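Note sheet for the following structure.
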Amino acid sequence: MKPLDAAPIAILLAASSLCACKTAPKKDAPTAATSSSGSPVASASSASLQEAPKPIPAPADVAKAPADAEVTASGLKSKRLKAGRSKEHPTLHDQVVVHYTGWTTAGQMFDSSRVRQQPASFRLDRVIPGWSEGIPLMTLGEERRFWIPSALAYGGTPPPGAPAGELVFDVELLEIMPAPPLPPVPENLTSPPANAKTTESGLAWISLAPGDGKTRAQPANVVVLEFTGWTDKGKVVESSRLMGKPLTLPAKNLIPALRDAVLAMSLGEKARIWASPKVLSTPGRPPATEGLVFEVELTKILPPPLPKLPGHRGQPRGAVPGARPAAPPK
């Protein structure tokens, strides 16, 4: 069970989610550790041939943070276990590589990258709030213990498989991968200008750079978008720059507010889009409390994806069931 939150990208998609916590690929992982005798620590493959790894014992102060622990305004408590080797701190949108072990305050270990012998990599704005707030307090190479209140972890009703209540983590910051630069926050986040166009859904948008003026997507078309989105308070919610690739999906899978504007744009056009809380609210769900502002560039319009056709296993995509294969060339 991963101790990190899967971050929804429902601000953009009609139904999807993005899990930004993953096992760090080997090329990004630090070099293998060595024992005090200089021999390499057993790899995951060799460990699998032995007995199952044993849980790491809980620290003596797992039930309660010591008096000398640092405390933030949110109630997050932490204590440095090992000093870092630099003054570099990660920021909220950076990708980091860490080793960690997590326990409940009763002393039960529920997850550990050290037991798996593989560090974890994730974006700091895509994990539980206690990590998003706590890991930026650390410097590169530092190891720190966190006592995370339930409200900054998984809450009183955690998702299936996640632990409830206050949690304790030992975290070692191994690597920081700085986020790419983002566009500046637009000045008029809460009110679109008077010349903004308005869609039937109530969305407002203006063109920032013209497209070809004639090529427009249909709902079934796959669109390729470069985008950055902010709340109306100026907080970045997602960006193709942070994702490391453009957003590529059928236009019909975008939330209605964003879809309306994208379908009105022409190929190559760049636009700024305002979606008020009223526009974002949907029946059957709690009303939205913040508006969203997007800067979107429609870079490509692709044909609709091919339908999944019935057939035997391994059938080439697009093959016609029952059709005879072509004769080989002579």
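The values are calculated or read from the model by the stated rules, or taken from the named source; none is laboratory data. Computed from a prediction, not measured in an experiment: that's the story for all the values here. Note: ideal-geometry Cβ built from the backbone for every residue, glycine included; neighbour counts use all protein chains shown.
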Legend entry - Residue within the stretch 46-66 that is touching a residue at least 24 places away in the same chain (Cβ under 8 Å), in contact with a Pro (Cβ under 8 Å, 6 or more places away or on another chain) and either not basic (Lys, Arg) or not in a loop (DSSP other than H, G, I, E, B) (or both) present: yes
Inset, instruction - May I ask you to list the residues in the stretch 72-94 that are in a loop (DSSP other than H, G, I, E, B) and in contact with a Lys or Arg (Cβ under 9 Å, 6 or more places away or on another chain)? - result: Leu92, His93, Asp94
Inset, instruction - Filter the stretch 66-86 down to the residues that are within 26 Å of the chain's Cα centre (by Cα) and not small (Gly, Ala, Ser), then identify the one that is farthest from Thr101 (Cα to Cα). - result: Thr72
Inset, instruction - Could you identify the single residue in Gly134, Gly130, Gly155 that is out of contact with any Pro (no Cβ under 7 Å at 6 or more places or on another chain) and part of a loop (DSSP other than H, G, I, E, B)? - result: Gly155
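Give me a count of the residues in the stretch 95-111 that are assigned to a loop (DSSP other than H, G, I, E, B) and touching an Asp or Glu at 6+ places or on another chain (Cβ under 9 Å).
Final tally of qualifying residues: 1.
Hey, among Ala319, Ala288, Ala327, which residue is surrounded by 14 or more Cβ atoms within 10 Å (Cβ to Cβ) and at pLDDT below 90?
The unique qualifying residue is Ala288.
Can you find, within the stretch 225-258, the residue that is surrounded by the most Cβ atoms within 10 Å (Cβ to Cβ) among those that are at pLDDT below 90 and part of a helix (DSSP H, G or I)?
Going through the stretch 225-258, the residues at pLDDT below 90 turn out to be 255-258.
Now narrow it down to the ones that are part of a helix (DSSP H, G or I): 256-258.
Values: Pro256: 16, Ala257: 25, Leu258: 27.
Selected residue: Leu258.
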Inset, instruction - Could you grab me the full set of residues in the stretch 112-127 that are within 22 Å of Met243 (Cα to Cα) and either touching a residue at least 40 places away in the same chain (Cβ under 8 Å) or assigned to a strand (DSSP E or B) (or both)? - result: Pro119, Ala120, Ser121, Phe122, Arg123, Asp125, Arg126, Val127
